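A.B. asks: This is the structure, below, for whatever I ask next.
The values are calculated or read from the model by the stated rules, or taken from the named source; none is laboratory data. Quick caveat, the model's predicted, so the values are computed rather than measured. FYI the Cβ positions are ideal-geometry reconstructions off the backbone, even for glycines, and counts take in every protein chain you see. We work out accessible area using only protein heavy atoms, side chains counted, and drop any ligands, DNA or RNA first. Shrake-Rupley method; radii C 1.70, N 1.55, O 1.52, S 1.80 Å.
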Amino acid sequence: MNFIWYIIIGIVAGFFAGKIMRGGGFGLFINLLVGIVGGLLGGWVFGLLGIATVGILGSLITATIGAVLLLWIISLFSGSRIS
């Protein structure tokens, strides 16, 4: 059941990241996929920094920050300007 929550939180985080990034990101579907991967990235980055989050809200914040970071990295390599 936890796996399903991670996917749902990642999808919501991808949606939020698409709204945060100027230009709307790369479309709804890609932003949702980026949110799922961004959740993993955000958890890894927060772990490196020694920051621990708890609960659904903490996971959502972590995943959103990871998704924004991932959208930014993708925009660097794709050549499109999202900033």
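A.B. asks: Go through the range 18-70 residue by residue and tally those that are closer than 17 Å to Y6 by Cβ and either assigned to a helix (DSSP H, G or I) or in contact (Cβ under 8 Å) with a residue 24 or more places away in the chain (or both). Explain how you work it out, then say what you get.
C.D. replies: Going through the range 18-70, the residues closer than 17 Å to Y6 by Cβ turn out to be 31-47, 52-67, 70.
Filter once more, keeping what is either assigned to a helix (DSSP H, G or I) or in contact (Cβ under 8 Å) with a residue 24 or more places away in the chain (or both): 31-47, 55-67, 70.
Residues that pass the stated criteria total 31.
A.B. asks: For F15, are the conditions met, namely being in a loop (DSSP other than H, G, I, E, B), at pLDDT below 85 and surrounded by 12 or more Cβ atoms within 10 Å (Cβ to Cβ)?
C.D. replies: Values: in a loop (DSSP other than H, G, I, E, B): no; at pLDDT below 85: yes; surrounded by 12 or more Cβ atoms within 10 Å (Cβ to Cβ): yes.
Answer is no for this residue.
A.B. asks: Can you pull out the residues in the range 42-72 that are under 8 Å from the mean Cα position of the chain (by Cα) and open to solvent by 40 Å² or more (accessible area, probe 1.4 Å)?
C.D. replies: Correct list: I65, L69.
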